[in-house]
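A quick write-up on the structure given underneath.
The values are calculated or read from the model by the stated rules, or taken from the named source; none is laboratory data. The structure displayed is predicted, hence computed values, not measured ones. All Cβ positions, even for glycine, are placed from backbone atoms using ideal geometry, and neighbour counts span all protein chains on display.
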Amino acid sequence: MNIIIFGPPGAGKGTQSSCLVEKKKMYQLSTGDLLRVELKSDSNLSKKLKEIMDSGKLVSDDIINNLIEKKISEPSIKNNIIFDGFPRNIDQAKSLDTMLKKYGQIISLVINLKVDNSILVKRISGRVSCSFCKKPFNEFFDPPRDPSECSNKECINRDLIKRSDDNENTVSNRLKIYEDSTLPLLNFYESKGVVKNVDAMKSINEVTKQINCIIDDL
Ligand code: AMP
């Protein structure tokens, strides 16, 4: 089954996707993570990408669709993908349909993580992750635990990484782009009858439980 984890920046898409990877052995396809890997190279493209991402704007559909098609075409993850951060506008959603059709796949479920805007800013500005296992934490709501508690031994030497676009200046821009370009996609998927709403204001574990129940009921 392919799933889209949908919601505004800070809704917990990455966190909940990681839980699904762990519990359901699914493959997390995060366009943000793929782009951040690209940023590490010293190319002209990476400089342009950094500028766009730090401003909170969307990267061009061509670049994104290219990254996505490379992954969708991999037989090892066929029908077992969690789309995290994609699609983000109607053109990307239509391209996704075309690509999935080409590789004999469909979207079975869109999980809509619902969170009030008032708490998104705190969630985003408090966000950090482990430099080794990439586990996300939040300085306000889910403080980083002692690295010795982690199952991955390397994490003992971890740094806590903060994304350069997770600051209050870009947050309002990212939320506006979400409302203008991404939120209208809900109608697109609602008309296909695949959207399930989840109260993502609850604790991480409770949100995970809601998502697991929805998946198990399908
Ligand atoms: P994220 O990690 O999903 O919050 O994405 C971080 C940034 O990467 C976004 O603010 C965009 O600049 C860029 N990005 C990620 N996914 C997409 C996408 N599907 N379309 C366009 N830009 C994206």
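Screening 123, 174, 88, 158 for residues that are among the charged types (D, E, K, R), surrounded by 14 or more Cβ atoms within 10 Å (Cβ to Cβ) and modelled with pLDDT of 95 or more leaves exactly one candidate, 88. Looking across 117, 157, one residue alone is under 25 Å from residue 40 (Cβ atoms) and more than 17 Å from the chain's Cα centre (by Cα). It is 157. Scanning segment 126-155 for residues that are away from the ligand (no atom under 13 Å from the Cβ), crowded, with 17+ Cβ neighbours inside 10 Å and of a type in the set (Gly, Ala, Ser) yields one hit, 126.
Could you tell me whether segment 145-159 includes any residue that is part of a strand (DSSP E or B), under 27 Å from residue 213 (Cβ atoms) and among the charged types (D, E, K, R)? So far as segment 145-159 goes, no, none of its residues is part of a strand (DSSP E or B), under 27 Å from residue 213 (Cβ atoms) and among the charged types (D, E, K, R). Tell me whether segment 30-46 contains one or more residues that are of a type in the set (Val, Ile, Thr) and touching a strand residue (DSSP E or B) at 6+ places or on another chain (Cβ under 8 Å). Yes, because at least one residue in segment 30-46 is of a type in the set (Val, Ile, Thr) and touching a strand residue (DSSP E or B) at 6+ places or on another chain (Cβ under 8 Å). Considering each residue of segment 50-67 in turn, none proves to be polar (S, T, N, Q) and either under 15 Å from the mean Cα position of the chain (by Cα) or on the phi > 0 side of the Ramachandran plot (or both).
How many residues does segment 180-218 hold that are over 15 Å from residue 93 (Cα atoms), touching a residue at least 60 places away in the same chain (Cβ under 8 Å) and either in contact with a Pro (Cβ under 6 Å, 6 or more places away or on another chain) or in a helix (DSSP H, G or I) (or both)? The qualifying residues number 7.
In segment 68-89, the residues that are farther than 17 Å from residue 113 by Cα reach residues that are charged (D, E, K, R) and more than 9 Å from the ligand (Cβ to nearest atom) with C-beta atoms within less than 8 angstrom, at least six apart or across chains, in these pairs: 77/71; 80/25; 81/71.
Cβ-Cβ contacts under 6 Å between residues 6 or more apart (or on different chains), taken from a first residue in segment 1-24 that is at positive phi to a second residue that is modelled with pLDDT of 90 or more and in a loop (DSSP other than H, G, I, E, B), are listed as 12/200. The lone criterion from (1) touching a helix residue (DSSP H, G or I) at 6+ places or on another chain (Cβ under 7 Å); (2) at pLDDT below 95 left unmet by residue 27 is number (2).
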